[in-house]
Amino acid sequence: MATLTAMEAGVVVIGAGHAACQFAASLRQLGWNGALTLVSAEPHLPYQRPPLSKACLQGGVAQSDILLRPAAFYESIACRLLAGRAVVAIDTRRKLVRLDGGSELPYAQLVLATGAAARTWPRLPAGESVHVLRTWDDAQALGAALGRIRRLAVLGAGYIGLEVAAAARKRGVAVDVFEAAPRVLQRSVGMATSAHVENLHRAQGVALHLGTAITSVRAEDHAIALETSHGLFTADALVIGIGAQPRVELAREAGLQCGHAIRVDAQCRTSADEVFAIGDCTEQVLHPGAEPVRLESVQNATDQAKCVAAVIAGRPVPPMPVPWFWSDQFDHRIQVAGRAGAGDATVLRPQPGKPQAHAAWYLREGRVTAVEAVDAPEDFMAARQLIKTGQRVDMARLADPEVALRCLAAPAA
C-alpha cells in the first residue's frame with residue numbers, strides 16, 4: 001500500500017470533548033486544511049460536560065441544548081467525526097491508531113483528548129441505585145432517579161459531590177454527603193472558603209458528614225446501606241463523587257511518559273514524536289522546577305487546544321492565561337483563579353451588603369497568586385488581572401472594602 005503524505009494522513013484526535021472540539025475549530029481558523037478526524041467512543045455528538053451536574057439533573061434539558069457544536073459544524077470545517085468508535089491501540093512507530101473492529105487510521109499528528117473517567121469505590125453493589133456522573137447517559141440515569149427517590153447519599157464533598165447535592169435539594173430530595181476529610185472542597189480551596197461553602201449547603205438542608213469514612217456499602221430491599229465510622233445510614237440511591245481518573249491507558253500502552261496523567265511539555269507535546277495531549281488527561285509543569293499538575297477545567301482544555309492548534313498550524317503559540325475554574329451550587333457561583341501555595345498570606349476582603357458573598361485572596365511577597373470568590377465576580381476579575389500582571393498589592397488596602405478594586409495595585413517603587 002502506498003504511504004500517505006503528511007497532509008493526506010492529517011490529524012487524528014482521540015476524544016470529542018471540550019478540548020477536542022476547540023482544537024478542531026482553532027486548527028481550521030488558523031488556516032490548516034489537511035485531513036482532520038475526531039474519534040469518539042460515545043455515540044452522541046460532542047456535548048458540554050459542566051451542565052451534567054447542574055441543569056441536566058433538574059430535568060427538561062435535551063441533549064441538543066448542550067451540544068458543543070451543531071452537527072452541521074463538523075461538515076462545514078471538513079472534520080470527519082467517528083462517533084461510537086473506540087480506539088484500542090496506538091502504534092507510534094507506524095503512526096497509526098487501531099479502532100475496534102480492526103480498522104486502522106494513519107496520522108501525521110495525533111492529539112490525545114481522552115479526558116477522564118469517574119473514580120469508583122471498591123466493592124460497590126450492582127444495580128440501578130448506585131450512580132457516577134461523567135457522561136450524558138450518567139446524567140440521564142441520575143436525573144430520572146432524583147424524580148422518584150426521597151433520600152440520596154453522596155460519597156465525596158468535592159465539586160461534583162456538592163453540585164449533585166445542590167441539584168437534588170432543589171428537587172426536594174433529602175441529601176446526606178459523606179466526606180472522609182474534615183472539610184468540604186479540602187483539595188480545592190482554603191479553609192475560609194471551605195467553611196463558607198459548607199454554611200451555604202447546611203442552610204439549604206444538606207446533611208454534611210465530614211470526617212466520616214465509609215467502611216462498606218450494600219444493597220438492602222431497594223435501598224442502600226452505608227456502614228460508616230459514625231454509624232449506619234440508609235438512602236434510596238448513592239452517588240459516587242470522589243473525583244476523576246485521567247484516561248491514560250492508551251498512552252501507557254503506547255509507551256508515552258505518564259505520571260498521574262499524560263506528561264506534556266509547555267506546547268502539550270508528549271514523549272512520542274508528533275503526538276500531543278490536551279485537556280483532563282494531561283499533567284504539565286507550569287513553572288520551572290515545579291511539580292507537574294493536572295488542571296481539570298474547561299478553561300484549561302480550551303487553552304491547551306488552542307496551543308496545539310497553533311503548533312500544528314505553524315503559528316505563534318498564544319501565552320497560557322491564568323488558570324481559572326467555576327462551580328454553580330444552588331444559586332451561588334464559586335469562581336477560583338490562580339493557584340495558591342503553601343505559606344501564601346490569606347486576605348478575606350469584606351463584601352458589604354452581600355451576606356452570602358465571600359472573597360479570599362492569596363498573596364506571596366505582595367503579589368496575588370490566587371482568589372476564591374463566591375458571588376463576588378468583581379473580586380474574581382480584579383484578581384485574575386493582578387495575577388496576570390504580577391503587580392504588588394498592599395494587604396491593608398486589599399482588606400479595606402472602602403478601597404476600590406481598581407486601586408489595589410501598589411504604586412511602582
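Bear in mind that the values in this text are calculations on the coordinates, not laboratory data. All values derive from a computational prediction rather than experimental measurement. Cβ coordinates were reconstructed from backbone atoms using ideal geometry, including for glycine residues, and neighbour counts include every protein chain displayed.
Computed from label points 7 Å out along Cα-Cβ, the spacing between ILE77 and SER188 is 2.8 nm. The orientation-averaged shadow of the Cα convex hull for segment 26-80, equal to a quarter of the hull surface, comes to 4.6 nm². Percent of Cα pairs in segment 331-407 per distance bin of 10 Å, from zero to the largest separation: 20, 60, 19, 1. Averaging the sequence gap over all C-alpha pairs within less than 8 Å and six or more residues apart, then dividing by the number of residues, gives segment 88-228 a relative contact order of 17 percent. Taking θ as phi - 60° and the Karplus parameters 6.51, -1.76 and 1.60, the scalar couplings of segment 151-166 work out to 9, 10, 9, 10, 9, x, 10, x, 4, 5, x, 6, 5, 5, 4, 5 Hz in sequence order, x denoting glycine and proline. Relative contact order of segment 331-407: 31 percent, from C-alpha pairs under 8 Å at least 6 residues apart in sequence. From its DSSP helices (H runs of at least four residues, each -39,500 (n - 2.57)), the chain gives a residue-normalised ellipticity at 222 nm of -6500 deg cm²/dmol.
Each semi-axis of the equivalent ellipsoid for segment 195-261 is √(5λ) with λ an eigenvalue of the Cα gyration tensor; in descending order they amount to 33, 20, 11 Å.
Label-to-label distance for ARG123 and MET320 is 4.0 nm, based on points extended 7 Å past Cα in the beta-carbon direction.
Sorted ascending by nearby beta carbons within 10 Å, beginning with the fewest, ILE66, ILE387 become ILE66, ILE387. The alpha-carbon positions of segment 116-162 define a convex hull whose volume is 97 Å³ per residue. Alpha-carbon geometry of segment 216-369: the Rg and the Dmax are 20.8, 61 Å, given in that order. Applying 0.36 nm per residue to the separation of GLU274 and HIS222 and subtracting their alpha-carbon distance, the gain on full extension is 13.6 nm. Taking 0.36 nm per residue of separation and subtracting the Cα-Cα distance, full extension of the segment from GLN391 to THR234 would add 51.3 nm. Protection proxy ranking of 302-309, 25-32, 209-216, by the mean of other Cβ atoms within 10 Å over each peptide's residues and highest first, is 302-309, 25-32, 209-216.
Looking at the P(r) of the chain, how many percent of alpha-carbon pairs lie beyond 33 Å?
The share of Cα pairs beyond 33 Å in the chain comes to 40 percent.
DSSP bridge analysis restricted to segment 1-126 gives an antiparallel fraction near 40%, rounded to the nearest 5. Of ALA9, VAL368, GLN335, which is farthest along the charge dipole of the chain in the positive direction, counting Lys and Arg as +1 and Asp and Glu as -1 at C-beta? Most positive-ward Cα: VAL368. Residues considered: GLY156, GLY102, GLY314. Largest GNM mean-square fluctuation over the chain, using C-alpha springs under 10 Å, is found at GLY102. Pairs of Cα atoms nearer than 8 Å and 6+ residues apart set the relative contact order; for the chain it is 14 percent.
Exposed loop sites, defined as GluC sites (Glu not before Pro) outside DSSP H, G, I, E and B with at most 14 other Cβ atoms within 10 Å, are absent from the longest region of the chain, namely 129-364. Cα convex hull, segment 120-242: 97 Å³ per residue, rounded to a whole number.
The Cα atoms of segment 40-140 cover 45, 40, 20 Å along the three principal axes, with the biggest extent listed first. Each Lys or Arg adds one and each Asp or Glu subtracts one; over the other residues with Cβ under 13 Å from the Cβ of ARG218, this totals -2.
Can you tell me the FRET efficiency between GLU291 and SER64 if r is taken as the Cβ-Cβ distance and R0 is 35 Å, rounded to the nearest 0.05? The formula returns an efficiency of 0.25 here.
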